[in-house]
1. Starting from residues that are open to solvent by less than 40 Å² (accessible area, probe 1.4 Å) and not aliphatic (A, V, I, L, M), keep the ones in the stretch 170-191 and report whichever is farthest from the chain's Cα centre (by Cα).
2. Filter the stretch 319-339 down to residues that are open to solvent by 10 Å² or more (accessible area, probe 1.4 Å) and farther than 12 Å from Tyr139 by Cα, then give me how many there are.
3. Kindly list the number of the only condition in (1) over 18 Å from Val132 (Cα atoms); (2) touching a strand residue (DSSP E or B) at 6+ places or on another chain (Cβ under 6 Å); (3) open to solvent by less than 60 Å² (accessible area, probe 1.4 Å) that fails for Cys83.
4. Condition first: closer than 11 Å to Ser166 by Cα, assigned to a strand (DSSP E or B) and not charged (D, E, K, R). Now tell me which residues in the stretch 251-270 satisfy that.
5. Of all residues being out of contact with any helix residue (DSSP H, G or I) (no Cβ under 6 Å at 6 or more places or on another chain) and of a type in the set (Gly, Ala, Ser) in the stretch 331-357, which is nearest to Arg285 (Cα to Cα)? Just the residue, please.
6. Yes or no: the stretch 154-161 includes at least one residue that is open to solvent by 10 Å² or more (accessible area, probe 1.4 Å), in a loop (DSSP other than H, G, I, E, B), closer than 20 Å to Ile44 by Cβ and of a type in the set (Gly, Ala, Ser).
7. Could you list, in sequence order, all residues of the stretch 102-149 that are among the charged types (D, E, K, R), surrounded by 22 or more Cβ atoms within 10 Å (Cβ to Cβ) and assigned to a helix (DSSP H, G or I)?
8. Of all residues in the stretch 288-320, which are over 23 Å from Val36 (Cβ atoms) and either among the basic types (Lys, Arg) or assigned to a loop (DSSP other than H, G, I, E, B) (or both)?
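The values are calculated or read from the model by the stated rules, or taken from the named source; none is laboratory data. If you're wondering where the values come from, they're calculated on a predicted model, not measured in any experiment. So basically every Cβ, Gly included, is an ideal-geometry build from the backbone, and we count neighbours across all protein chains shown. Calculation scope for accessible area: heavy atoms of the full protein, side chains included, ligands and nucleic acids excluded. Shrake-Rupley method; radii C 1.70, N 1.55, O 1.52, S 1.80 Å.
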Amino acid sequence: MPESPARPLGVALIGYAFMGRAHSQAWRTVGAAFDVPPIARRVIVGRDEQAVAEAARRLDWEEHATDWREAITRDDVDIVDICTPGFLHAEIAIAALEAGKHVLCEKPLANDPAEAERMVEAARAARARGQVAALGHTYRRVPALAHAHDLVAAGRLGEIRQIRASYLQDWLVDAKAGMNWRLREETAGSGALGDIGSHAIDQIQFITGQQVTAVRGRLATMVPERPGPDGPEPVTVDDAAWATLELDGGAIASVEASRMATGAKNELSVEVYGTKGALRFDLERLDELWFLDATAPVAEQGFARVLVTEPEHPYLEGWWPQGHILGWENAFTNQARDLLLAVRDRDPAAYSPDFEDGLTLQRILDAVIASHRADGATVRL
């Protein structure tokens, strides 16, 4: 296994836009919140020299670069954090793992199963050398969702029968909203399904501990053409997606993802129904988990609001006194904590989800697309 360096663990961040900003904040704050190995923010990488230089200054990185290949082979870099569009993930992640680095890769792992399989092969070889290959499904690190997972694992909901998960946004409602890489199949792989639907599906599997075995799906592109840099351009991905999932524990789940849901800003909602209880969660109120204990007398039953800010709740040992709520960005710090602890303990298996989980999710997304193309037929995994 790689020896932990005596110096701080050096981080290279590939990408400086939305996710790059979120990950930069996590690397800035993780050492203040948690007892983890010290890190150094060595270099941030982007293609635009002027823009990445400004990002390095604003986000507090020691250096900036435009060549990711040079950055990932530096001797003072131990962790490569990939925040690029999905079509670039495979090349960067495989090269970083082969260079002996630990890797954190934003979701979805890749744009298709073939790329994901190559990444998993590289991750397996790296794991044998003690390297961590981590997938960034950050919402697993929201304390309320981690608490929901713990309640289900402890049997508080009994047998899980039914799950509803939706992720709704409205940033594409305006038909005049312009084209970007998320609306092109060659760069994004899929639209709302892969971008935000992947989070909903990951939460279904994470909270219940069950795996998807079959899907039925529908996709819709509600605005087929949008303004591009050279005139109107076809939208080649979905604006919204719906799916029904069968799970190996016998539960049935419904999934909805849309970037056309007027009024929904960042609404990831999860509902879990079991024989002994139920849970409800909404990301727009991310410190709250609603829990119903069906073992109580009927006259006393009802959903109770749990404010997930107690020291006994997941990750709260690093944060504030009871009732002092956390925000969206804190989940990224919690994620950095878990990665650094896995690196410190030389235990790649301690971090979840990993690249193999990403491959499993990619196959589910592809099954939804295949079902849509087969007029909603069931596709088994």
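1. We begin by selecting, within the stretch 170-191, every residue open to solvent by less than 40 Å² (accessible area, probe 1.4 Å); these are 170, 172, 177-179, 183, 187-191.
When the remaining residues are screened for being not aliphatic (A, V, I, L, M), the result is 170, 178, 187, 189-191.
Details: Asp170: 19, Gly178: 25, Thr187: 18, Gly189: 16, Ser190: 15, Gly191: 15 Å.
Step by step, filter the stretch 170-191, then rank; the result is Gly178.
2. So the count comes out to 10.
3. (1)
4. Ala253, Ser254, Val255, Ala257, Ser258, Leu268, Ser269, Val270, listed by residue number.
5. Restricting to residues being out of contact with any helix residue (DSSP H, G or I) (no Cβ under 6 Å at 6 or more places or on another chain) and of a type in the set (Gly, Ala, Ser), the top hit is Ser352.
6. no
7. Answer for the stretch 102-149, where residues must be among the charged types (D, E, K, R), surrounded by 22 or more Cβ atoms within 10 Å (Cβ to Cβ) and assigned to a helix (DSSP H, G or I): just Arg140.
8. Filtering the stretch 288-320 for residues over 23 Å from Val36 (Cβ atoms) gives 288-307.
Answer for the stretch 288-320, where residues must be over 23 Å from Val36 (Cβ atoms) and either among the basic types (Lys, Arg) or assigned to a loop (DSSP other than H, G, I, E, B) (or both): Ala294, Thr295, Ala296, Pro297, Gln301, Gly302, Phe303, Arg305.
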